[in-house]
Amino acid sequence: LGDIALGPMPAETLDRLAALGDRAVWVHGNCEREMITAFDGGDVPGPNGADAAASAGLIGRAHRDRLDGLPLTVTLDIDGLGPTLFCHASPRRDDEMLLVDSPPERWAAALDGVDAGVVVCGHTHMPFDRLTAGRRVVNPSSVGMPYGHPGAGWALLGPDVTLRRTMYDARAAAEIIGASRHPGGQQWAAEYVLNRYSDTEALEAFTAIARDQP
C-alpha cells in the first residue's frame with residue numbers, strides 16, 4: 001500500500017518484496033514519489049525531505065525505476081469482497097489525509113467515481129475498518145511504522161476483512177536497523193521501533209495536517 005522503501009533499509013526491503021514476484025502487488029505512496037525526486041537530484045519539501053534523500057542514497061537505479069513504475073491504484077477481485085481497490089492515501093492522491101473520523105463529505109469526494117465496493121488504503125499507519133460513502137474502507141495499519149499499537153499491522157482479506165497484528169522482537173529489529181548504512185538508523189529505530197506513538201498523538205497530528213489540505 002505504498003511507503004514501501006523510505007527508511008533505513010530501502011534496498012533490502014525492495015529486494016525482499018521483489019523476490020516475491022507476482023505474489024506481491026504494489027502501489028506507490030508519497031514516500032516513493034519523494035524518494036524518486038531525491039534520487040533524481042530534486043528538492044523534497046516538507047518533513048520527509050531529509051529522510052527521502054538519505055533513503056534515496058541507499059538504492060540503485062533499478063530500485064528507483066521500479067518505484068517510478070508503480071501505479072497509484074490497483075483493483076483486484078477478492079473472494080467474498082468482490083472488486084477491491086488498493087491505494088496509498090486515496091484513489092486520487094498519494095498524500096491525502098483521510099482518517100477514521102474524517103467528515104463524510106471528505107470521504108465522498110475522495111471516493112467519487114470509485115466503482116469498487118471495498119477500498120484498502122494506508123498512509124496514516126493506523127488500523128480501521130469502516131463504512132463511508134457507501135463503501136467499506138479498510139486501513140490495515142503498518143508493518144514498519146505503526147501508530148497506536150505494537151507489532152506489525154496487516155489485514156487478511158477474503159471472504160471478510162480481518163485486521164491482524166504480528167508481534168516481533170523489537171529490540172532485535174532495532175539493533176539491525178541501527179547497524180544499517182542509513183545515517184539516522186539508530187535514531188529511526190529508537191523513535192519508530194522501540195518507541196510507540198499513541199493513537200491519540202497520531203490522530204491529533206494527522207487531523208492538523210488534514211485541516212490544512214485542500
Search result, residues across segment 83-110 that are open to solvent by less than 20 Å² (accessible area, probe 1.4 Å), among the small types (Gly, Ala, Ser) and farther than 16 Å from Pro140 by Cα: Ser102, Ala110
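Quickly run through segment 174-192 and pick out the residues that are among the charged types (D, E, K, R) and free of Cβ contacts under 8 Å to residues at least 24 places away in the same chain. Give the steps one after another, and end with the answer.
Residues of segment 174-192 among the charged types (D, E, K, R): 175, 181, 191.
Hits for segment 174-192 are Glu175, Glu191.
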So Arg171, is it touching a residue at least 24 places away in the same chain (Cβ under 8 Å), open to solvent by 70 Å² or more (accessible area, probe 1.4 Å) and under 29 Å from Leu58 (Cβ atoms): no
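When you check Glu32 against the structure, is it in a helix (DSSP H, G or I), within 27 Å of Gly148 (Cα to Cα) and under 14 Å from the mean Cα position of the chain (by Cα), yes or no?
Working: in a helix (DSSP H, G or I): yes; within 27 Å of Gly148 (Cα to Cα): yes; under 14 Å from the mean Cα position of the chain (by Cα): yes.
So Glu32 passes the test.
What residue, of Arg64, Arg23, is surrounded by 17 or more Cβ atoms within 10 Å (Cβ to Cβ) and among the basic types (Lys, Arg)?
When all the criteria are applied, what remains is Arg64.
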Which numbered condition Gly134 misses (of (1) surrounded by fewer than 16 Cβ atoms within 10 Å (Cβ to Cβ); (2) under 14 Å from Leu203 (Cα atoms)): (2)
Neighbours by Cβ (under 8 Å, 6+ apart or cross-chain): first from segment 111-125, open to solvent by 20 Å² or more (accessible area, probe 1.4 Å); second outside any strand (DSSP E or B) and aromatic (Phe, Trp, Tyr): His125/Tyr147
Residue match in segment 202-212 (condition: open to solvent by 40 Å² or more (accessible area, probe 1.4 Å) and assigned to a loop (DSSP other than H, G, I, E, B)): no
Residue in segment 138-156 that is over 20 Å from the mean Cα position of the chain (by Cα) and either at positive phi or open to solvent by 30 Å² or more (accessible area, probe 1.4 Å) (or both) present: no
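The values are calculated or read from the model by the stated rules, or taken from the named source; none is laboratory data. Everything numeric here is computed off the predicted structure, so don't read it as measured data. Cβ atoms come from the backbone with ideal geometry, glycine included; neighbour counts cover every protein chain shown. The accessibility values were calculated without ligands, DNA or RNA, using every heavy atom of the protein model including side chains. Shrake-Rupley method; radii C 1.70, N 1.55, O 1.52, S 1.80 Å.
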